[in-house]
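A.B. asks: Pasting in a structure now, in structure tokens, and then I'll have a few things to ask.
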Amino acid sequence: MARIKGVDIPNDKQICISLTYIYGIGRKLALTILDKVNIDPTTKTKDLSSDDLLKIRDELNNHLTEGELRREVNMNIKTKMEINSYQGSRHKKGLPVRGQRTITNARTRKGRGKVVANKKKA
């Protein structure tokens, strides 16, 4: 397994797919990086030479990925919470941030359903 930016990328997949295992790299950025270093995107990871991997690592240093990107995202969320913006308050309450409905959905953000005490029928 090749190791790039502290992530083991799979050997049996094409390099353009393998690069997406790194946080912050999607298909489009992976193709752009491979285009800059002149590597065919359909090449399997195990077929790359160590020189090719070195070129990819050097190109990836120009982009924000993995720990640096996670840190920046968390800092942005903390900043929003500190200035009491609408999105920050939604983060604090554990509710959806971007305007989704919460009456029926949003179980991922809200957690499991809470039991409501029995209401007696009149």
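The values are calculated or read from the model by the stated rules, or taken from the named source; none is laboratory data. Keep in mind that this is a model prediction, so the values were computed, not measured. All Cβ positions, glycine included, derive from the backbone under ideal geometry; neighbour counts span all protein chains shown. What goes into the accessible areas is simple: the full protein's heavy atoms, side chains included, and nothing from ligands, DNA or RNA. Shrake-Rupley method; radii C 1.70, N 1.55, O 1.52, S 1.80 Å.
A.B. asks: Is it true that ILE9 is touching a strand residue (DSSP E or B) at 6+ places or on another chain (Cβ under 6 Å), without any contact (Cβ under 8 Å) to a residue 40 or more places away in the chain and open to solvent by less than 50 Å² (accessible area, probe 1.4 Å)?
C.D. replies: Details: touching a strand residue (DSSP E or B) at 6+ places or on another chain (Cβ under 6 Å): yes; without any contact (Cβ under 8 Å) to a residue 40 or more places away in the chain: yes; open to solvent by less than 50 Å² (accessible area, probe 1.4 Å): yes.
Judged against the criteria, ILE9 is a match.
A.B. asks: For ASN74, state whether it is farther than 30 Å from VAL97 by Cα and either in contact with a Ser or Thr (Cβ under 7 Å, 6 or more places away or on another chain) or not β-branched (Val, Ile, Thr) (or both).
C.D. replies: On the way: farther than 30 Å from VAL97 by Cα: no; either in contact with a Ser or Thr (Cβ under 7 Å, 6 or more places away or on another chain) or not β-branched (Val, Ile, Thr) (or both): yes.
So ASN74 does not fit the description; no.
Each row is one residue, and each column tells you yes or no for (1) under 24 Å from the mean Cα position of the chain (by Cα); (2) at pLDDT 95 or above; (3) farther than 16 Å from ILE4 by Cα; (4) of a type in the set (Asp, Glu).
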position: ASP47; (1), (2), (3), (4): no, no, no, yes
position: ASN61; (1), (2), (3), (4): yes, no, no, no
position: THR65; (1), (2), (3), (4): yes, no, no, no
position: GLU68; (1), (2), (3), (4): yes, no, no, yes
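A.B. asks: Counting only residues that are among the polar types (S, T, N, Q) and open to solvent by 50 Å² or more (accessible area, probe 1.4 Å), give me the helices (runs of 4 or more DSSP H) lying completely in the stretch 13-122 with at least 1 of them. Show your work before the answer.
C.D. replies: Values: elements: 15-18, 27-36, 50-60, 66-82, 86-93, 107-110.
Result: 27-36, 50-60, 66-82, 86-93, 107-110.
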